Amino acid sequence: MIEELHPPTKESLDRCYANNFKLPDRPRLLALPRGQANGFKKDMQAGIDFLRRRIPQVFEGEPFQRQKGRIVERFTVREKDLMDDFTRRIAREQFALGHMQVGAVALPEIFPSSKARWCRSKTFPRWCTRGNSVAVAEDIERKYEQFRQEFTVVYRKTLTLSRELASELSYLEAEAASVLGTA
């Protein structure tokens with residue numbers, strides 16, 4: 001009679017939660033055939049142990065570091081060439097590139113120079129008129145504004161180079177990481 005009253009049921013599944021990397025506060029529920037959850041757990045732990053050993057080998061290894069160094073050097077040279085070219089052009093007009101402390105941050109700034117004497121941009125108009133004619137002062141101020149605009153363009157180019165560098169390094173890392181899946 002018990003057998004007749006007991007309805008047929010499906011075999012229960014093993015259930016476990018796995019990390020959801022896109023939504024960390026919402027783990028994924030996995031349903032596995034009965035008795036396979038422990039094997040799944042052991043396989044996952046073995047995979048994690050493998051990655052803990054291999055990731056440092058790949059990313060700290062000499063081939064990866066050499067490629068990374070070449071990429072960084074190539075971008076460093078390009079950035080240095082941009083800045084050196086700009087620095088040489090402004091030096092011909094008696095200006096120099098330096099840094100001005102604003103609170104805790106040192107910002108790049110263009111300074112007019114006169115006989116190795118620096119002049120801060122805040123005191124720029126006074127410096128220009130002291131010992132100079134109004135025409136000379138206006139010429140210096142015009143050049144200063146022109147160089148500030150040029151520097152903005154150069155600075156944007158260096159930011160673009162930084163983004164390109166980050167992109168190339170990211171690609172290199174993804175390429176290096178892809179060997180982890182084939183090992």
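Answer yes if at least one residue in the range 27-43 is surrounded by 10 or more Cβ atoms within 10 Å (Cβ to Cβ) and touching a helix residue (DSSP H, G or I) at 6+ places or on another chain (Cβ under 8 Å), and no otherwise.
Looking for residues that are surrounded by 10 or more Cβ atoms within 10 Å (Cβ to Cβ) and touching a helix residue (DSSP H, G or I) at 6+ places or on another chain (Cβ under 8 Å), one finds at least one in the range 27-43, hence yes.
Could you check how many residues of the range 161-183 are exposed (fewer than 11 other Cβ atoms within 10 Å of the Cβ) and part of a helix (DSSP H, G or I)?
From the range 161-183, those exposed (fewer than 11 other Cβ atoms within 10 Å of the Cβ) are 163, 167, 170, 174, 178, 181-183; that's our starting set.
Next cut, part of a helix (DSSP H, G or I) only: 163, 167, 170, 174, 178, 181-182.
Of the residues in the range 161-183, 7 are exposed (fewer than 11 other Cβ atoms within 10 Å of the Cβ) and part of a helix (DSSP H, G or I).
Here is a yes/no grid of residues against (1) open to solvent by 30 Å² or more (accessible area, probe 1.4 Å); (2) modelled with pLDDT under 75; (3) of a type outside the set (Gly, Ala, Ser); (4) assigned to a strand (DSSP E or B):
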site: Gln101; (1), (2), (3), (4): yes, no, yes, yes
site: Ala106; (1), (2), (3), (4): yes, no, no, yes
site: Pro112; (1), (2), (3), (4): no, no, yes, yes
site: Thr123; (1), (2), (3), (4): yes, yes, yes, no
site: Tyr155; (1), (2), (3), (4): yes, no, yes, no
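Hey, among the residues in the range 89-99 that are assigned to a strand (DSSP E or B) and either at pLDDT below 85 or open to solvent by 70 Å² or more (accessible area, probe 1.4 Å) (or both), which one's nearest to Ala137 (Cα to Cα)? Spell out the reasoning first.
Going through the range 89-99, the residues assigned to a strand (DSSP E or B) turn out to be 95-99.
Within this subset, residues satisfying the condition of being either at pLDDT below 85 or open to solvent by 70 Å² or more (accessible area, probe 1.4 Å) (or both) are 98-99.
Numbers: Gly98: 21, His99: 23 Å.
This residue is Gly98.
Pull out all pairs, ordered by first then second residue, where Cβ-Cβ is under 9 Å, the residues are six or more apart or on different chains, the first lies in the range 67-88 and is within 13 Å of Glu164 (Cα to Cα), and the second is of a type in the set (Ser, Thr, Tyr) and open to solvent by 50 Å² or more (accessible area, probe 1.4 Å).
Here the result reads Phe75/Ser162; Glu79/Ser162, each pair linking the range 67-88 to a residue that is of a type in the set (Ser, Thr, Tyr) and open to solvent by 50 Å² or more (accessible area, probe 1.4 Å).
Kindly indicate the residue of the range 1-24 that is closer than 21 Å to Ile48 by Cβ and assigned to a loop (DSSP other than H, G, I, E, B) and also least open to solvent (accessible area, probe 1.4 Å) among those meeting that condition. Reasoning before the result, please.
Applying the first criterion (closer than 21 Å to Ile48 by Cβ) to the range 1-24 yields 14-24.
Remaining after also requiring assigned to a loop (DSSP other than H, G, I, E, B): 19-24.
Values: Asn19: 91, Asn20: 16, Phe21: 174, Lys22: 179, Leu23: 81, Pro24: 95 Å².
Among them, the one singled out is Asn20.
Would the range 66-83 turn up any residue that is within 26 Å of Tyr171 (Cα to Cα), among the polar types (S, T, N, Q) and outside any helix (DSSP H, G or I)? Break it down stepwise before answering.
Step one: of the range 66-83, the residues within 26 Å of Tyr171 (Cα to Cα) are 66-82.
Now narrow it down to the ones that are among the polar types (S, T, N, Q): 67, 76.
When the remaining residues are screened for being outside any helix (DSSP H, G or I), the result is none.
Checked the range 66-83: no residue is within 26 Å of Tyr171 (Cα to Cα), among the polar types (S, T, N, Q) and outside any helix (DSSP H, G or I).
The values are calculated or read from the model by the stated rules, or taken from the named source; none is laboratory data. Predicted, not measured: the structure shown is a model, and the values here were computed from it. For neighbour counting, all protein chains shown are included, and Cβ atoms are generated from backbone atoms with ideal geometry for every residue, glycine included. These accessible areas exclude ligands, DNA and RNA; they are computed on the full protein's heavy atoms, side chains included. Shrake-Rupley method; radii C 1.70, N 1.55, O 1.52, S 1.80 Å.
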